[in-house]
Amino acid sequence: MKFIKRLFFVLVVHFGIYATIQAQHKKATVKKPNIIVIVSDDHAFQAISAYGNKLVQTPSIDRIAKEGAIFNKAYVTNSICGPSRAVILTGKYSHINGFKDNVSADFDHNQDNFAKHLQAGGYQTAWIGKLHLGSKLQGFDYYSVVPGQGQYYNPDFIGIDGKTTRKEGYITNIIEDDAEQWLDSRDTSKPFCLVVGHKATHRTWLPDTTDMGRYDQVQFPLPANFYDDYKNREAARLQDMSIDKTMLMGYDLKMLSYSKNGEGAVNRMNPAQRAKFDAYYQPIEADLKTRNLSGKALVEWKYQRYMKDYMNTAAALDRNIGRMLNYLDQHHLTENTLVIYLSDQGFYLGEHGWFDKRFMYEESFRTPMVMRYPGVIKPGTRSDNFVMNLDIAPTLLEAAKLKVPLEMQGKSILRPFKDKTVKGRDVMFYHYYENGEHSVSPHFGIRTKRYKLIRFYKKVEGWELYDLQNDPREMNNIYGKKGYDEITRKLVKELDSQINKFGDKEAREILDHRR
């Protein structure tokens, strides 16, 4: 009898301990947050109401900011689509991850990325939408990505099985549909990481039919430096990305009579979509022809059309971000899900007379970023810390309570929220490599709290220096001017230090041999 009692006691203790361990394990698993990263394309911070634009409304992006944090000083390492995503995925600069530009590079998916660590740490992982890094991802349990830039209407998608499928509809809606379908089918016993890659608002800014005309009653004011003369800024003078000379009437602005064979993005529309397109754009084109515009009047007409198309396209982006936030609410996932929204880089909305990106000037270099993380980030937080797309990968791994590899060059964005004594970076390093598209000269440089130093090479050989406190629009290149010798010397020394820190051999060679 004593033996039976003793055995019963041992079994109770054993199973009690086992149950406790299991409960602790389950609790630990639950504590790991779900992760959603939404990456748009070419969405300018100055096109978002949370960043102060009073002419447009982006309530869904604003909601993330209100319920979490808005980053007023978020930047990229290389302002161009594919390379930016490579940096986000790997947490490494372009010269380390090997994908420097969209023309001459192939992304090596065999290298380390944040998804591989999350997957090994028990996460289900997925990437849906635009990737622009090929179609053989690693570290993702599921993916469905568009080839290259993708198409706004009736887009193709490449699945994890390698097959290409065409889906009827508008791309921004389809991507969100697919993201929600994957969430519906996931293993609910595991935390998840979902990357939603949107095509919007990439050129050619083709809106959903429901949004055509949404902002047509808005008269967008010309930026103060719209008619920039590029004095003492040779690289800016030689570029080919101006609304005046580069923006095409047919391709960009959908005035189809200017295109001999129509436009591919429009030609792939089905009859119902095309009928709505024609009903909207044909009267605009007819009105344009009656005006017979030229000179500044024509340039400013192009600017207004560009802005309206761009903002109309952004409307679907924000609406579908709202759909994702509502999905989390409806499925009781909000409180345990980290949500990040950012663009792959900034974009010019007429500043300097431009569209596109690439330059290290603020509108391109700087990107919108908002983050919601209940229990960690206080709602309504406004952060002025320097953060970069380089920081996304280590941030996700820290949130998942996983070790951040030493090879990742970014810093977790979460640390200052958890520990007020943690200091952010004082300087950011940038390097743009592509030598051809839009005639933007390759360049690298640094930005501090007050100054920006840029070294152009290849197409243009030279330096630029800006005092951002007194010249926020970057119109006055003070490099080599009297009185700036000492600050220039200090900034060159800091640039030298950053090049060494991040191991940029190409920048090192240029700095050493072509000062």
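Potential lengthening of the chain between Ala224 and Asp177 amounts to 12.9 nm, from the contour at 0.36 nm per residue minus the alpha-carbon distance. Summary of packing: across the peptides 221-227, 37-43, 168-174, the per-residue average of other C-beta atoms within 10 Å ranks them, highest first, as 37-43, 168-174, 221-227. Length gained on full extension, Thr165 to Lys260: 31.3 nm, using 0.36 nm per residue less the C-alpha separation. Once the Cα atoms of helix 271-291 and of the chain are each reduced to a long axis, what angle between those two axes, in degrees from 0 to 90 to the nearest 10, is obtained? Here the helix axis deviates by roughly 30 degrees. Amide H to amide H, with H built 1.01 Å from N, Ile35 comes under 5 Å of Phe192, Cys193, Leu194, Leu338, counting only residues 5 or more places away or on other chains. A DSSP coil position with no more than 10 other Cβ atoms inside 10 Å describes the following trypsin sites (Lys or Arg not before Pro) in segment 92-169: Lys163. Counting only alpha carbon atoms, the long axis of helix 485-502 and the longest principal axis of the chain meet at about 40°. I want the antiparallel fraction of DSSP beta bridges within the chain, as a percent rounded to 5. About 55 percent, rounded to the nearest 5. Relative to its residue count, segment 57-199 spans a Cα convex hull of 143 Å³ per residue. Nearest 0.05, what FRET efficiency do Glu407 and His332 give at R0 = 45 Å with Cβ-Cβ as r? In this case the efficiency is close to 0.75.
Counting lysine pairs in segment 437-513 whose alpha carbons fall under 20 angstrom apart, excluding pairs fewer than 8 residues apart on the same chain, gives 17. Summing Cβ point charges (Lys, Arg +1; Asp, Glu -1) relative to the Cα centre of the chain gives a dipole of roughly 1740 debye. Given their separation in residues at 0.36 nm each and the Cα-Cα distance between them, Ala272 and Ser294 gain 4.5 nm when the chain is fully extended. Summarised in one figure, the compactness ratio Rg/Rh of segment 437-513, Cα atoms and Kirkwood Rh, is 0.96. Dividing the convex hull volume of the alpha-carbon atoms in segment 292-385 by its residue count gives 123 Å³ per residue. Figure legend: label point modelled 7 angstrom from the Cα of Ser497 along Cα→Cβ; residues of segment 427-448 with amide N under 15 Å from it are 427-429, 446-448. Note that the chain shows a convex hull volume over its alpha carbon atoms of 176 Å³ per residue.
Taking other Cβ atoms within 10 Å as a rough exposure proxy, Asp318, Asp229 sort from fewest to most as Asp229, Asp318. The peptide list 492-498, 123-129, 429-435, put in order of mean Cβ contacts within 10 Å with the highest first, becomes 123-129, 429-435, 492-498.
What's the angle, to the nearest 10 degrees (0 to 90), between helix 81-90's Cα axis and the longest principal axis of the chain? It works out to around 20 degrees. For segment 220-285, the Kirkwood hydrodynamic radius from C-alpha pairs, put into Stokes-Einstein at 4 °C and a viscosity of 1.567 mPa s, yields a diffusion coefficient of 90 µm² per second.
Per-peptide packing, taken as the mean over residues of other Cβ atoms within 10 Å, places 392-399, 206-213 in the sequence 392-399, 206-213 from highest down.
Bear in mind that the values in this text are calculations on the coordinates, not laboratory data. These numbers come from a predicted model, not from an experiment. In this analysis, Cβ positions are derived from the backbone assuming ideal geometry, glycine residues included, and neighbour counts consider all displayed protein chains.
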